[in-house]
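Below: one structure, written as structure tokens.
The values are calculated or read from the model by the stated rules, or taken from the named source; none is laboratory data. Predicted model, so just to flag it, every value in this text is computed and none were measured. Cβ sites come from the backbone with ideal geometry, for glycine too, and all protein chains shown count toward neighbours. Surface areas here come from the heavy atoms of the whole protein model, side chains and all, with no ligands, DNA or RNA. Shrake-Rupley method; radii C 1.70, N 1.55, O 1.52, S 1.80 Å.
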Amino acid sequence: MRYNKIPDEAVRRLPTYLRGLLSLSEQERKKISSQRLADFLGVNHWQIRKDLSYFGGFGTPGIGYDIEKLIRQIRKILKLNMVRKAALVGVGNLGSAVLRYPGFRIYGFEIAAAFDNNPKKIGRKIGHITVAKLQTLQKRKIDLGIITVPCEAAQETFNKLITAGIKGVLSFSPCYKTGRKKIKVITIDIAMDLSRLSYYIPPSQFVAGQALS
Ligand code: ATP
């Protein structure tokens, strides 16, 4: 099936729908209406219908969506119907926590390798992964990278990942410029997300602080 170009915002929401549908399928549900799916996820039902309509996921009027079919479709769109291996660079506090995070599995991801440049960390085991030198990355069949090095090492790490053939990078270090069109970079900056959250919350009544000019 050929899909229409799906807007980035809709792609951003698809994993939320997938997670909800997976959890409904675990409850052995077969069908669900967009309204109930929306209530379950805490989003608007019209948004779900609009997003799913980009790839023909209209469901059946009066019956709703076939949960297993929709799971397969969303996986296919997100290209999660194939094995996706990721490598993490920077096994400090944050990197170690990410390596131990069990939530990747429901989307079919595997963090298959971890790298660091600190000789004391090479050979250390986190879960089933042994920390290695970044030079060995090229030999591994990996197409996604996760950067958890400090800011000053982010650009260099990014360049090395790209040279090793990585096509997508999830970065926890928002301090570099990519300058490469064909590489998709998603940056996670908790401080930035908190600032966005702040917009929706009334000024604090609890802290008698001065406003920043
Ligand atoms: P720790 O003190 O155990 O190193 P940390 O979380 O405070 O933990 P950071 O300074 O944030 O450490 O660095 C994160 C990790 O990135 C560290 O393990 C560090 O060795 C590693 N690192 C730093 N620069 C590079 C680099 N150029 N290539 C690969 N790994 C790097």
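For the pair Arg19 and Lys120, a Förster radius of 41 Å applied to the C-beta separation gives a FRET efficiency near 0.65, rounded to the nearest 0.05.
For the chain, the solvent-accessible area works out to 67 Å² per residue, with a probe of 1.4 Å and every protein chain left in place. Among the listed pairs Lys133/Lys160; Lys50/Lys167; Lys76/Lys160; Lys85/Lys133; Lys125/Lys160; Lys139/Lys167, which are separated by more than 21 Å between their Cα atoms? The answer is Lys50/Lys167; Lys76/Lys160; Lys125/Lys160.
Loop-located chymotrypsin sites (Phe, Trp or Tyr not before Pro) in the stretch 1-73 (DSSP state not H, G, I, E or B) with no more than 16 neighbouring Cβ atoms inside 10 Å: Tyr3, Tyr54, Phe58. Rounded if a/c is under 1.5, else prolate if a/b beats b/c, else oblate: with a ≥ b ≥ c from the C-alpha gyration tensor eigenvalues square-rooted, which is the stretch 1-160? In terms of gyration-tensor shape, prolate. Dipole orientation for the chain: of the candidates Leu88, Leu99, Ala132, Ala132 has the Cα lying most toward the positive pole (charges on Cβ; Lys, Arg +1; Asp, Glu -1).
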